[in-house]
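Worksheet: the structure to be examined is printed underneath.
The values are calculated or read from the model by the stated rules, or taken from the named source; none is laboratory data. This one's a predicted model, so the numbers in the text were calculated from it and none came from an experiment. Neighbour counts are summed over all protein chains in view; Cβ atoms, including those assigned to glycine, are modelled from backbone coordinates with ideal geometry. Quick note on the areas: whole protein, heavy atoms, side chains included, nothing else; ligands and nucleic acids left out. Shrake-Rupley method; radii C 1.70, N 1.55, O 1.52, S 1.80 Å.
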Amino acid sequence: MDHSAHHTATAHDHAAHHAHTGHAGHQTGGVTWGAAAKATLHCLTGCAIGEILGMVIGTALMWGNVPTMILAITLAFVFGYSFTLFAVRRAGLDWKSAVKVALAADTVSIAVMELVDNGIIALVPGAMDAHLSDGLFWGALLGGFAVAFLVTTPVNKWMIGRGKGHAVVHAHH
């Protein structure tokens, strides 16, 4: 039995796969700080909308700190993912594929942003007990977003440079 044709085809397929993988790496390897900042700003926008909405709802319902923060973080992920989800849906992806792309593109970025932002809010004395009408509430929240942006941008640059994170979205534009 001659298996040479099968082995040649398999070797060819592996070579093609490796060539494609290397090509993708070259496309994203030279990512600029501007591109990373743009991806982070995209993430920050969704996170900020969700987090502020969660804080407003939790405060209006007179919830405690923990349930309010859980709602705010949950909504930050929902809004963060939704921005990407709708963009790739407009590009023609079906729902299942679009959800996979949004999860792959944004999970690490949103997680880092939320960890940093909420960590800062938790560490600012009195911020967790401040009301929506207090400058301390908004100062801690906006300061947390600013620091989260500065911390998350290098993370996104590193991920995009390796063909991950927001680079996944660009493959579908």
Exercise. Can you pull the accessible area of residue 160 for me, 1.4 Å probe, Å² to the nearest 10?
Worked result: 20 Å²
Exercise. How high is the FRET efficiency from residue 96 to residue 70, r the C-beta distance, R0 22 Å, rounded to 0.05?
Worked result: 0.20
For this session: Express the carbon and sulfur contribution to the solvent-accessible surface of the stretch 89-149 as a percent, rounded to the nearest whole number, probe 1.4 angstrom.
Result: 70 percent
Seminar exercise, completed: Neighbours of residue 102 by Cβ distance under 13 Å: Lys/Arg at +1, Asp/Glu at -1, summed charge +2
Problem set entry | Per residue value of the accessible surface for the stretch 49-173 (all protein chains in place, 1.4 Å probe), Å² | 51 Å²
Problem set entry | Kirkwood-based shape ratio for the stretch 70-172, expressed as Rg/Rh from alpha carbons | 1.06
Exercise. Once phi is turned into ³J(HN,Hα) by the Karplus curve 6.51 cos²θ - 1.76 cosθ + 1.60 with θ = phi - 60°, what whole-Hz value does each residue of the stretch 86-102 show in order, with x for glycine and proline?
Worked result: 5, 5, 6, 5, 4, 7, x, 6, 6, 4, 4, 5, 5, 5, 4, 5, 4
Exercise. Quick one: ranking 134, 117 by accessible area, 1.4 Å probe, largest first, what do you get?
Worked result: 134, 117
Problem set entry | Accessible surface of residue 164 - all protein chains present, 1.4 Å probe, nearest 10 Å² | 120 Å²
